[in-house]
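FYI, it's all coordinate maths here, none of it is from the lab. Worth saying up front: this structure is predicted, and the values here are computed from it rather than measured. Ideal geometry is used to build each Cβ from the backbone, glycine not excepted, and the neighbour counts take in all protein chains shown.
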Amino acid sequence: GAVVSQHPSRVICKSGTSVKIECRSLDFQATTMFWYRQFPKQSLMLMATSNEGSKATYEQGVEKDKFLINHASLTLSTLTVTSAHPEDSSFYICSAQGTSAYNEQFFGPGTRLTVL
Amino acid sequence: GQQLNQSPQSMFIQEGEDVSMNCTSSSIFNTWLWYKQDPGEGPVLLIALYKAGELTSNGRLTAQFGITRKDSFLNISASIPSDVGIYFCAGRILDSNYQLIWGAGTKLIIKP
């Protein structure tokens, strides 16, 4: 139980393009999804929190127009990195939290974004 | 922002040895979680603790929620090669929202 998938696992794009990352909870309903960014040898940095059907709450310093988050259903959230630049290259990880036995954050496998 | 102090930063041990790591904070927590992250993967939840003094095991892993509610430790007994990775503690402050505060991680390396 508590399986979370992310797609794609790796993406390489040119500077200026937009990239969409999908996060799905496969065997439970996620009332809340979280998006993190992780730099090499560092801990996870929370970017934003989203509840199904609501606007995402962004952490201080995270540009909401740069990192668009959509949580359209209880099993799917997407993160779109708009007009990506090399400094956006990073490891992006989502987590999903549900209720009852799934009332903690369960993480996806991450997406490695490289912007050339 | 809130900080969790996780130590040690890294550990070099022999296979078969026991491992201990801990997290401390100046704030009171109502939840302590321990995750393991392998390279290029997302963290995997190992143990969740919800009550002060709670001691919980998951196979060779044992974690405790400190009585003061400001600390937690994770022990791994009889380490094996697949235990290598980065272990993160994470916690939720009393009366806070659902966000987690993360430790910096403990990198476990097993010497051949």
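Once you average over the residues of A:104-110, how many Cβ atoms of partner chains fall within 10 Å of each Cβ? Present the calculation step by step, with values, prior to reporting the outcome.
On the way: counts 10, 8, 5, 7, 3, 5, 5.
Neighbouring Cβ atoms belonging to other protein chains average 6 per residue here.
Longer than 30 Å from Cα to Cα, which of B:70/B:107; A:20/A:41; B:51/B:107; A:20/B:70; A:20/B:111 are they? Say none if no pair is.
Working: B:70/B:107 22 Å; A:20/A:41 25 Å; B:51/B:107 27 Å; A:20/B:70 39 Å; A:20/B:111 40 Å.
Exceeds cut-off: A:20/B:70; A:20/B:111.
Under the Cβ-under-4.7 Å rule, which cysteines of chain A stay unpaired?
A:13
So what J values fall out for the stretch A:26-39 if you push phi through Karplus, 6.51 cos²θ - 1.76 cosθ + 1.60 with θ = phi - 60°, rounded to Hz, Gly and Pro as x?
8, 10, 7, 8, 9, 6, 9, 10, 10, 10, 10, 10, 9, 8
Over all residues in B:101-110, what is the mean tally of Cβ atoms on other chains that come within 10 Å of each residue's Cβ? Write out the running numbers ahead of the final one.
Details: counts 2, 6, 2, 3, 4, 0, 1, 0, 0, 0.
What the average comes to for B:101-110 is 2.
Near the amide H of residue A:75, under 5 Å away, which other amide H atoms are found, from residues 5 or more places off or on another chain, if H is placed in the peptide plane?
The answer is A:30.
Residue B:52: net charge of surrounding residues, Cβ under 12 Å, Lys/Arg +1, Asp/Glu -1, itself excluded? It would help to have the intermediate numbers written out before the result.
On the way: positive: B:51, B:69, B:70; negative: B:54, B:71.
Net charge around residue B:52: +1.
Which lysines have a Cα less than 20 Å from the Cα of residue A:14, not counting those fewer than 8 places away in the same chain?
Once the sequence-local lysines are set aside, what remains near residue A:14 is A:66.
Could you work out the local net charge near residue A:75, counting Lys and Arg as +1, Asp and Glu as -1, over the other residues with Cβ closer than 14 Å to its Cβ?
Numbers: positive: A:24; negative: A:22, A:27, A:52.
With Lys, Arg at +1 and Asp, Glu at -1, the net is -2.
What does the net charge come to around residue B:17 if you take all other residues with beta carbon closer than 14 Å to its beta carbon, with K and R at +1 and D and E at -1?
-1
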